[in-house]
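Written out below as structure tokens is the structure these notes cover.
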Amino acid sequence: MKNTIIAEKETKYKILPILKERYSPRVFSDTPVSELELRTLFEAGRWAPSSYNRQPWRIIWGLKGSKTYDRIFECLSEFNQSWAKNAPVLLLSAFKKVTDDGQENFHALHDLGLFMGNVTVQAQHLGIALHQMAGVLYDKAKKDFNFPDEYHIATSVAIGYYGGDKKNLPIDLREEENPENRTRLVQQEFTFNGNYIQKEELKSSKDKIDSHKKQIMKKINDLD
């Protein structure tokens with residue numbers, strides 16, 4: 001199911017349409033997300049790659065109206081509670097910080113990110129939106145959901161179909177609910193064919209190029 005709420009964002013290179021359509025809403029359609037649909041998202045996540053195939057991700061999930069949903073909701077920051085109460089599904093994501101032999105699993109958070117990346121793309125394919133949240137009461141969530149010490153709560157996620165009425169949001173968030181304002185860094189700011197370059201150095205190089213262009217244009221104009 002295509003996300004018909006917004007037009008695709010323009011990209012410099014051709015990528016999958018569902019990646020261009022995706023955004024993170026704070027308001028959702030009243031259409032419920034079924035457990036079958038949720039299981040489909042988790043199945044996509046299940047096939048994500050992970051370091052040594054350790055699959056360190058752990059997910060707590062609850063459908064709206066359930067006790068688990070309410071318990072997850074109570075672990076959100078006050079700000080996130082102000083809008084996430086409209087989401088049909090809430091998740092908590094966690095990862096195991098150590099390997100089975102007790103060593104630090106340095107790549108566990110990266111692996112959880114790959115899991116959620118798969119979930120996000122599968123959801124977008126189904127017309128379902130995700131809004132991932134850092135505003136979580138981590139210690140409370142870890143205690144309330146009985147996670148052992150070797151686990152860390154990473155995020156919470158609100159899930160639902162695109163749509164809904166902005167009037168369901170707090171007034172100060174309604175103007176922010178504009179997916180057309182999505183922006184991304186240009187590739188030159190985060191990809192380097194060689195050594196890493198500080199942003200200040202990139203700006204300095206750009207300024208030098210711009211200055212050189214102006215000098216050339218001045219010489220051309222002088223010739224005229």
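No lab work stands behind these numbers, since they all come straight from the coordinates. Note that the structure is predicted; figures quoted are calculated from it, not measured. Glycine gets a Cβ as well: all are built from the backbone with ideal geometry, and neighbour counts include every protein chain shown.
For the chain, what is the mean residue ellipticity at 222 nm derived from helices alone (per DSSP H run of n ≥ 4: -39500 (n - 2.57); sum divided by total residues; nearest 500 deg cm²/dmol)? It would help to have the intermediate numbers written out before the result.
Details: 8 runs with 85 residues, N = 224.
One gets -11500 deg cm²/dmol as the mean residue ellipticity at 222 nm.
How far, in degrees from 0 to 90, does helix 108-125 lean away from the longest principal axis of the Cα atoms of the chain, to the nearest 10?
90 degrees
Considering the zone a paramagnetic label at residue 187 would reach in this model (a point 7 Å from Cα along the Cα-to-Cβ line), which residues of region 12-38 have amide N under 19 Å from it?
Answer for this model: 12-21.
Report the local net charge at residue 140: Lys and Arg +1, Asp and Glu -1, summed over other residues whose C-beta lies under 11 Å from its C-beta.
On the way: positive: 71, 142, 143; negative: 74, 139, 144.
Net charge in that neighbourhood comes out at 0.
How tilted is helix 199-223 with respect to the longest principal axis of the chain? Cα atoms for both, answer in degrees (0 to 90, nearest 10).
Between the helix axis and the principal axis of the chain, the angle is about 30 degrees.
What is region 1-107 by shape, rounded, prolate or oblate, if you read a ≥ b ≥ c off the alpha carbon gyration tensor as root eigenvalues and call it rounded for a/c under 1.5, prolate for a/b larger than b/c, and oblate otherwise?
Working: a/c = 1.94, a/b = 1.17, b/c = 1.66.
Because a/c hits 1.5 or more and a/b fails to exceed b/c, region 1-107 counts as oblate.
Over the Cα atoms of the chain, Rg to Rh with Kirkwood Rh, two decimal places? Intermediate values should be presented prior to the final figure.
Numbers: Rg = 22.0 Å, Rh = 20.2 Å.
A ratio of 1.09.
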